[in-house]
Amino acid sequence: MSEQDMASPEETMWEGRFITAKRRGKWEYVGRARGIHAAVILAIDEAADGRHVLLVDQYRVPLGCRCIELPAGLVGDHDEGEEAMLAATRELEEETGYFPGRMEALGEFYSSPGMVSESFTLFRAHDLTKTGEGGGVDGEDIRVHRVPLAGLKEQIAIWRREGFAVDVKLLLLLGAAIVGQGSI
């Protein structure tokens with residue numbers, strides 16, 4: 001973006017219930033409406049049968065297929081004053097059926113900063129307790145996957161062959177294996 005673009009005022013081109021299309025100079029991008037942001041949860045179940053990561057999949061309209069993802073949800077979409085950690089706890093239980101004994105905030109991140117201004121806060125869920133089946137609310141059709149960390153790379157390869165999309169945030173778990181620094 002040029003300095004001239006930065007000096008231009010931000011213009012709202014279109015606004016819906018959850019997203020807003022904006023322009024600043026020649027640069028067009030999308031952001032969340034009403035200041036809503038997301039909470040993403042890294043939940044690793046440290047159980048007697050080994051370490052497992054909780055993942056979900058759901059149909060994503062923009063992709064036209066189901067997508068494998070870390071559990072996540074919007075902060076403040078129902079309650080404007082909702083705190084991110086409370087939203088993360090709520091979303092983890094709604095989507096996966098697991099409740100965390102403790103949540104740890106790992107920071108704010110941006111998934112596609114060239115075209116989307118949305119940020120998300122990443123949380124690490126500790127001391128998980130299974131409370132239900134998960135699956136989301138209001139017909140979300142979320143499927144829960146408890147995947148052994150040692151076999152995650154292979155499982156993702158299987159999902160890709162089956163036509164699933166894979167969310168970029170899973171690089172968090174695959175990073176070391178991808179750059180040749182060992183496995184997860």
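Hey, among GLY136, GLY114, GLY107, which residue is within 22 Å of ILE19 (Cα to Cα) and loosely packed, with under 11 Cβ neighbours inside 10 Å?
Going through GLY136, GLY114, GLY107 in turn, just one is within 22 Å of ILE19 (Cα to Cα) and loosely packed, with under 11 Cβ neighbours inside 10 Å: GLY114.
Mind listing just one residue for me: the one in the range 83-104 that is in contact with a strand residue (DSSP E or B) (Cβ under 6 Å, 6 or more places away or on another chain), farther than 13 Å from GLY134 by Cα and not in a helix (DSSP H, G or I) and, of those, least open to solvent (accessible area, probe 1.4 Å)?
It comes out as PRO100.
Report yes if LYS153 is under 15 Å from ILE68 (Cβ atoms) and either of a type in the set (D, E, K, R) or open to solvent by 80 Å² or more (accessible area, probe 1.4 Å) (or both), otherwise no.
Against the criterion (under 15 Å from ILE68 (Cβ atoms) and either of a type in the set (D, E, K, R) or open to solvent by 80 Å² or more (accessible area, probe 1.4 Å) (or both)), LYS153 qualifies.
Only one of (1) out of contact with any helix residue (DSSP H, G or I) (no Cβ under 9 Å at 6 or more places or on another chain); (2) open to solvent by 30 Å² or more (accessible area, probe 1.4 Å); (3) under 25 Å from ALA165 (Cα atoms); (4) assigned to a strand (DSSP E or B) fails for PRO62. Which number is that?
(4)
Only one residue in ASP77, ASP57 is surrounded by 13 or more Cβ atoms within 10 Å (Cβ to Cβ), among the acidic types (Asp, Glu) and at pLDDT below 90, so which one is that?
ASP77
Would you please name the residue that is farthest from GLU95 (Cα to Cα), looking only at residues in the range 126-184 that are among the polar types (S, T, N, Q) and modelled with pLDDT of 90 or more?
Here the answer is GLN155.
What about GLY50, is it over 19 Å from the mean Cα position of the chain (by Cα), open to solvent by less than 100 Å² (accessible area, probe 1.4 Å) and closer than 30 Å to LEU149 by Cα?
yes
Report, ordered by the first and then the second residue, all pairs with beta carbons closer than 7 Å, sequence separation of six or more or different chains, a first member in the range 146-160 that is free of Cβ contacts under 8 Å to residues at least 40 places away in the same chain and outside any strand (DSSP E or B), and a second member that is open to solvent by 40 Å² or more (accessible area, probe 1.4 Å) and of a type in the set (A, V, I, L, M).
none
Could you tell me whether the range 19-32 includes any residue that is surrounded by fewer than 11 Cβ atoms within 10 Å (Cβ to Cβ) and at pLDDT below 95?
yes
The values are calculated or read from the model by the stated rules, or taken from the named source; none is laboratory data. All figures in this text were calculated on a predicted structure; none of them were measured in a lab. Using ideal geometry, Cβ is built from the backbone for each residue, glycine included, and neighbour counts are taken over all protein chains shown. Please note that ligands, DNA and RNA were not included when accessible areas were found on the heavy atoms of the full protein model with its side chains. Shrake-Rupley method; radii C 1.70, N 1.55, O 1.52, S 1.80 Å.
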